[in-house]
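First comes the structure, then the notes that go with it.
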Amino acid sequence: MTTLIVIACYLCLLLTLGFFSNRLFRGTSKDYFVASHSIGPFLLLMSVFGTTMTAFALVGSTGKSFERGIGTYGLMASISGLVHAGIFFLIGIRLWAFGKKYGYITQIQFFRDRFDSDKLGYLLFPILVLLVVPYLLIGIIGAGKTIEPVTAGAFPTFFTNPSAPPWLGGIPPWLTGLVVCLVVLSYVFMGGSRGAAFANTFQTIVFMFMGLVAFVFIIKALGGIENAGKIPARITEQSIIVQDYRFDKKQATIVANEPPRVIGKVLSSESDDIVNKQPHLWREATRVEFKKKNLKSGEVSFFERELGFSFITFVTYLFIPLSVGMFPHLFQHWLTAKSAKSFRLTVIAHPLCIMIVWVPCVLVGAWASGVLQPGIPPPAVLSAMLNLLVGDPILIGLLTAGILAAIMSSLDSQFLCLGTIFTNDIVVHRAGKKRFTDKQIISIARIFIICIVSLTYFLAMLAKDANVFDLAIWCFSGFSALFPLVFSALYWKRATKYGAIASIVAAVLSWLYFFHLSGYGGEYLVGPGIVPAAICFVAASVAMVVVSLATNPPPPQTVARFFPENNS
Amino acid sequence: MGKRMVWFLFVLMFFLHQDFWWWDQSFLVLGFLPIGLAYHATFSIACAILGWLAIRFAWPAELEKFADSPDQSK
């Protein structure tokens, strides 16, 4: 119950921040959508970083490391540090310059102008919405999975049907999702992009700080930093996977299992030298079979899992972070920047912020393999570790608030962005700017945001058991496939309207094809382990180049508008 | 150092990211960081340094001027 009170206090604090940002709101649509281009370097860094790091970063990375090991960091985090910073520098600053000069608020406005095509906007709008919605689902599902274990036992008579038996009485995911949606909705509703930037900054600081605090407490509970390295599951001479330690809650310390507890066996491995190795601490692909015990019936079943990654998967994953170049919510954050110089801190500090958040999460996930049941759902690993190792309810409440902060700092920007593109690219674009007053434009955006929040909540309840990491990867893959569109628009004068349309169609069709093959959201690799995003990216690039070269070049006035270097 | 060197380092970083040379190693650095993780954490720091170099030597100053000038294209 104490944990729940701490979380409730945090949510109230956020609402207060929403009221505060509402007082700074200037009442214009430009202020509501892009904060009147007034955001400085620190707020930009925090809002961009907070937006890109969602449940995927904290809950997803810990869960994936628990499933696959420390390769998770190189697979997603370190390459993101390089690719994201490169995109902020090469794409973000350039788009900001066009946005400021020509008065763009959304991506679609830029593409419509750059390719002299109205229809391109109508083609792109449903695709962007389709791809942002799974990203929103990740947040709501992640929040539900986090809160239920840490509030277990709080209301045993109210919530009698938990997702897992030990979580009886915990706040169910439907209620967490509802509360999170309402809190985010209220401060986005009131403060617009300025409110989102303030809330993001506050929440990013909270989740980075609380993440480090959680890390310190987990290390302490595992018997110190050096002892923690011995905790992950180990392979014996007989290719059996064992847990050498367990956490004794009564003594509040790690104790050795005598004999080691058997949790599974190795089926195959790319390495010959596996004896006494801890498979979560390397990246060699190793197929294993784990035991899973049903806590209700006591029945034991088995399931297979691959630890590590194949090298080809690791290499082709570099296409996934390209998605950042096409995130519509990030485009909106870029446009809030006061000047191009505001980007400097983001370019330098973003990789470091990723490191500060991801290294502890990936380590905790790997350590969890030595103390948690292998069958535990990956999104619940972080909160299960907190629950097991950090006993203090106030601290657990604060740490959980940190996780919620990471989740909500992405949700707000995504909700706002969908409201923005619907209002500006569909309603105002069709009806004409003079048809509505500024107040009416803000009201339309707010109404659409309410609709999209309701729809997302409903979908999240339907997909409540989806794997947060895999769902995120599908969402990122779709945006990566659209990356050739933005890159060509900015750097290739010969890119034409028909090339752009062909590129979008190729990206969407190839993505839908692989998404279908994955069973609509599961993990899916092509051939020797190639991620679908790589193939979708190539298909979209080829379509852009071939069709652009086969059609008439863009008019000289368009080239002059978007390639200012030529004019000087 | 100029723009070309920054671009060269950017491409080099993509190669350095594929650390197949420590793929099957799991020894701990500083007693707690598996080498595969320690290497990539260092890689993140290198990315930040590369970002600083890009700002120092390849900053698009002309875009700033362009954004602040009035729009006369339409």
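From the list B:PHE14, B:PHE10, B:PHE66, the one residue that fits, being within 8 Å of chain A (Cβ to nearest Cβ), farther than 21 Å from A:ILE93 by Cα, open to solvent by less than 70 Å² (accessible area, probe 1.4 Å) and in a helix (DSSP H, G or I), is B:PHE14. Residue count for the range A:273-308, restricted to those that are at the interface with chain B (Cβ under 9 Å from one of its Cβ atoms) and either within 20 Å of A:TYR73 (Cα to Cα) or under 25 Å from the mean Cα position of the chain (by Cα) (or both): 9.
Every residue, every condition in (1) crowded, with 24+ Cβ neighbours inside 10 Å; (2) assigned to a helix (DSSP H, G or I); (3) of a type in the set (Gly, Ala, Ser), yes or no:
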{"site": "A:ILE442", "(1), (2), (3)": "no, yes, no"}
{"site": "A:ARG446", "(1), (2), (3)": "no, yes, no"}
{"site": "A:SER454", "(1), (2), (3)": "no, yes, yes"}
{"site": "A:LYS493", "(1), (2), (3)": "no, no, no"}
{"site": "A:GLY521", "(1), (2), (3)": "no, no, yes"}
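Where helices (runs of 4 or more DSSP H) fall wholly inside the range A:342-426, the ranges with 3 or more residues that are in contact with a His (Cβ under 9 Å, 6 or more places away or on another chain) are A:343-368, A:393-421. Hey, can you tell me all the residues within the range A:382-395 that are touching a residue at least 60 places away in the same chain (Cβ under 8 Å) and either open to solvent by 10 Å² or more (accessible area, probe 1.4 Å) or under 13 Å from A:GLU148 (Cβ atoms) (or both)? Result: A:LEU382, A:SER383, A:ALA384, A:LEU386, A:ASN387, A:LEU388, A:LEU389, A:GLY391, A:PRO393, A:ILE394, A:LEU395.
How many residues are in contact with a strand residue (DSSP E or B) (Cβ under 8 Å, 6 or more places away or on another chain) and within 11 Å of chain B (Cβ to nearest Cβ) when one looks only at the range A:214-225?
Applying the first criterion (in contact with a strand residue (DSSP E or B) (Cβ under 8 Å, 6 or more places away or on another chain)) to the range A:214-225 yields A:221-223.
Next, from what is left, pick out any that are within 11 Å of chain B (Cβ to nearest Cβ): A:222.
Within the range A:214-225, residues that are in contact with a strand residue (DSSP E or B) (Cβ under 8 Å, 6 or more places away or on another chain) and within 11 Å of chain B (Cβ to nearest Cβ) number 1.
Just a yes or no: is a residue in the range A:148-159 hydrophobic (A, V, I, L, M, F, W, C) and closer than 14 Å to A:ALA406 by Cβ? I'd like the intermediate steps shown before the answer.
Kept after step one, since they are hydrophobic (A, V, I, L, M, F, W, C), are these residues of the range A:148-159: A:150, A:152, A:154-155, A:158-159.
Those left that are additionally closer than 14 Å to A:ALA406 by Cβ: none.
The answer is no; no qualifying residue exists.
Across the range A:56-76, the number of residues qualifying as in contact with a Pro (Cβ under 9 Å, 6 or more places away or on another chain) and at the interface with chain B (Cβ under 7 Å from one of its Cβ atoms) comes to 1.
Among residues of the range A:173-216 being of a type in the set (S, T, N, Q) and within 20 Å of the chain's Cα centre (by Cα), the one that is surrounded by the fewest Cβ atoms within 10 Å (Cβ to Cβ) is A:THR201. Of the set (1) away from every other protein chain (no Cβ under 14 Å); (2) in a helix (DSSP H, G or I), all apply to A:ARG26 but (2). Among the candidates A:ILE141, A:ILE127, the residue that is open to solvent by less than 40 Å² (accessible area, probe 1.4 Å) and farther than 21 Å from A:LEU485 by Cα is uniquely A:ILE141. Contact annotation: residue pairs with Cβ atoms under 8 Å, 6 or more positions apart or on different chains, pairing a residue in the range A:61-85 that is farther than 14 Å from A:PHE314 by Cβ with a partner that is open to solvent by less than 10 Å² (accessible area, probe 1.4 Å) and outside any helix (DSSP H, G or I), are A:PHE66/A:SER369; A:GLU67/A:LEU307. Run A:ASP273 past the list (1) open to solvent by 50 Å² or more (accessible area, probe 1.4 Å); (2) under 21 Å from A:ILE225 (Cα atoms); (3) modelled with pLDDT under 90 and report the number of the one that doesn't hold. Just one mismatch for A:ASP273, condition (2).
Restricting the search to the range A:536-568, which residues are open to solvent by 60 Å² or more (accessible area, probe 1.4 Å) and not in a loop (DSSP other than H, G, I, E, B)?
Filtering the range A:536-568 down to residues open to solvent by 60 Å² or more (accessible area, probe 1.4 Å) leaves A:538, A:542, A:545-546, A:549-550, A:552-553, A:556-557, A:565-568.
If the condition is that a residue be open to solvent by 60 Å² or more (accessible area, probe 1.4 Å) and not in a loop (DSSP other than H, G, I, E, B), then A:VAL538, A:VAL542, A:VAL545, A:VAL546, A:LEU549, A:ALA550, A:PRO556, A:GLN557, A:GLU565, A:ASN566, A:ASN567 are the ones that fit.
As a summary of the residue check, A:PRO162 satisfies the conditions (1) open to solvent by 40 Å² or more (accessible area, probe 1.4 Å); (2) free of Cβ contacts under 8 Å to residues at least 60 places away in the same chain except for the one numbered (1).
For the range A:526-535, the set of residues classified as among the β-branched types (Val, Ile, Thr) and crowded, with 19+ Cβ neighbours inside 10 Å consists of A:VAL531, A:ILE535, listed by residue number. Tallying residues that are open to solvent by 40 Å² or more (accessible area, probe 1.4 Å) and of a type outside the set (D, E, K, R) within the range A:456-466 yields 5.
Every residue, every condition in (1) in contact with a helix residue (DSSP H, G or I) (Cβ under 9 Å, 6 or more places away or on another chain); (2) surrounded by fewer than 19 Cβ atoms within 10 Å (Cβ to Cβ); (3) of a type in the set (A, V, I, L, M), yes or no:
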| residue | (1), (2), (3) |
| --- | --- |
| A:GLY229 | yes, no, no |
| A:THR236 | no, yes, no |
| A:SER239 | no, yes, no |
| A:ARG305 | yes, yes, no |
| A:THR316 | yes, no, no |
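For A:THR16, the conditions (1) in contact with a Gly (Cβ under 7 Å, 6 or more places away or on another chain); (2) more than 12 Å from chain B (Cβ to nearest Cβ) all hold with the exception of (1). Of all the residues in the range B:29-58, those that are of a type outside the set (A, V, I, L, M), open to solvent by less than 20 Å² (accessible area, probe 1.4 Å) and within 24 Å of A:PHE88 (Cα to Cα) number 5.
Looking only at residues in the range A:441-481 that are more than 12 Å from the chain's Cα centre (by Cα) and among the aromatic types (Phe, Trp, Tyr), the one that is farthest from A:THR176 (Cα to Cα) is A:PHE479. Scanning the range A:82-115 for residues that are within 8 Å of another protein chain (Cβ to nearest Cβ), of a type in the set (A, V, I, L, M) and within 24 Å of A:THR496 (Cβ to Cβ) gives a single hit, A:ALA97. Between A:ILE407, A:ILE426, A:ILE450, which is aliphatic (A, V, I, L, M) and under 29 Å from A:PRO41 (Cβ atoms)? After applying the criteria, what remains is A:ILE407.
The values are calculated or read from the model by the stated rules, or taken from the named source; none is laboratory data. As the structure is a computational prediction, the values presented were derived from the model and not from experiment. Note that we place each Cβ from the backbone using ideal geometry, even for glycine, and neighbour counts take in every protein chain shown. What goes into the accessible areas is simple: the full protein's heavy atoms, side chains included, and nothing from ligands, DNA or RNA. Shrake-Rupley method; radii C 1.70, N 1.55, O 1.52, S 1.80 Å.
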